[in-house]
Amino acid sequence: MTIAVRSFAKINLGLYIGAARPDGYHELRTVYQTIALHDMIRVTVSRGGGIEIVCPNANKDPRVPLDSSNTCYRIAERVLDELGGTGRVRIRIEIDKRLPVQGGLGAASSNAVATMLALELALKKTPVVKKKLSSPARLRIASEVGSDLPLFLVGGTTLGVGRGEEVYPLPDFPSVPMVVVTPDVGVSTARAFGDWDALMQRENAAELGSAGRTRASATRAVSGVERLTRLEGSDRLTEVGRVLSAWLCSYPNTGASAKGGSRAGNLLSDLVRTGIENDFERVVFPQYPDLRDMKCALERAGSLYASLSGSGSTLYGLFPSPADAAKAVKRLREQGLKAVATNTLTRQQYWKRFFE
């Protein structure tokens, strides 16, 4: 039994990094948005045992793991364990890669969630495993495998808090034309967080020197604790969540595309006025100046809002119309950039196209 599903990408509409947590993660605030670019996942269930990962185009990027470190493998293990299918069925997971690796589009996380849902459907059609996962179990398993997996169990426009795994559906951003630029370079999320922590420590030390704080305060600041955990830092994330929610919740949740760009245009204009940004740009752009140049190229090409997605390296720009996006793609490709026009997906569009 084989089930094929689409594994859609996401972008981040603003991403703010807060305090380092005892578990080693950071507090985050972001708005996730699913988009129409996708990989394809095919899950085949047969009698036997074991899990096999196949990626026909993996030779294009050796960073796609084909062993137990792959998120698809890890989530399949957890699903089989939860449903009592371990050792009773053989799972073959084929990943048709179209999304960039280490691109900030959540490809590996989306692949894992697509695997989970396809595996459930495939198991349901076999006589071996008849149980199905509850919604809380899906969310729990997803969050155990990775921080941004749960968003792909919601789709559309979603507020992410905690380390990104706590997700709350927001009134849907309408389907908006966009352009995605995918550089050849990949950005390590772990390194980006490390660079952020180093930046915060340097800024703490600079603030300490200019403000002439007491020695006790100095000890906390230099250690990087004060900046990341003090009340002001928490207040910043609270305010970010308030601004992002107010921006989206001020509009009726029609979930429809705006012909002529009226509603979408209003949302985009308001998005720009909020001043939301991606904190990772502060540490990724100095390491990869070409990425900053690509964002500027998107802005010059007419995007109303442009940003790094996640920790990068993918950049995107939102445009007022498909025609504007198409013109931008032509212009960017003439500059030697890998650009493609696509659109954001509402929650309804996401789930309708997921199983097509």
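Some observations on this one:
- Residue within segment 222-237 that is surrounded by 14 or more Cβ atoms within 10 Å (Cβ to Cβ) and modelled with pLDDT of 70 or more present: yes
- Any pair with Cβ under 9 angstrom, 6 or more apart, that starts in segment 186-201 at a residue that is free of Cβ contacts under 8 Å to residues at least 60 places away in the same chain and ends at one that is part of a helix (DSSP H, G or I) and among the polar types (S, T, N, Q): Arg191/Gln287
- A count restricted to segment 84-124 and to residues that are among the polar types (S, T, N, Q) and either in contact with a Phe, Trp or Tyr (Cβ under 9 Å, 6 or more places away or on another chain) or modelled with pLDDT of 90 or more (or both) stands at 4.
- Qualifying positions in segment 45-83 - of a type in the set (Lys, Arg), at pLDDT below 90 and closer than 22 Å to Lys131 by Cα: Arg47
- Output for segment 330-356, where each listed residue is over 23 Å from Asp293 (Cα atoms), touching a strand residue (DSSP E or B) at 6+ places or on another chain (Cβ under 7 Å) and polar (S, T, N, Q): Thr344
- Among the residues listed as Ala323, Ala328, the single one being outside any loop (DSSP other than H, G, I, E, B), buried (at least 24 other Cβ atoms within 10 Å of the Cβ), out of contact with any helix residue (DSSP H, G or I) (no Cβ under 6 Å at 6 or more places or on another chain) and among the small types (Gly, Ala, Ser): Ala328
- When each of Ile95, Ile91 is tested for being of a type in the set (Val, Ile, Thr) and touching a Cys at 6+ places or on another chain (Cβ under 6 Å), the lone residue that passes is Ile95.
- Number of positions in segment 21-44 that are among the small types (Gly, Ala, Ser) and at pLDDT below 90: 1
- The residue that is farthest from Glu27 (Cα to Cα), counting only those in segment 151-185 that are in contact with a strand residue (DSSP E or B) (Cβ under 8 Å, 6 or more places away or on another chain) and without any contact (Cβ under 8 Å) to a residue 60 or more places away in the chain, is Leu153.
- Remark: Arg21 matches the filter, which requires a residue to be closer than 26 Å to Gly186 by Cβ, of a type in the set (D, E, K, R) and surrounded by fewer than 18 Cβ atoms within 10 Å (Cβ to Cβ).
- Summed over segment 75-102, the residues that are surrounded by fewer than 18 Cβ atoms within 10 Å (Cβ to Cβ), farther than 26 Å from Val340 by Cα and of a type in the set (Lys, Arg) give a count of 3.
- When the criteria are applied in full, Asp148 meets the requirement of being touching a residue at least 24 places away in the same chain (Cβ under 8 Å) and closer than 21 Å to Arg21 by Cα.
- Leu291 over 21 Å from Thr34 (Cβ atoms) and among the hydrophobic types (A, V, I, L, M, F, W, C): yes
The values are calculated or read from the model by the stated rules, or taken from the named source; none is laboratory data. The structure displayed is predicted, hence computed values, not measured ones. Don't worry about glycine lacking a Cβ; one is built from the backbone with ideal geometry, like all the others, and counts go over all protein chains shown.
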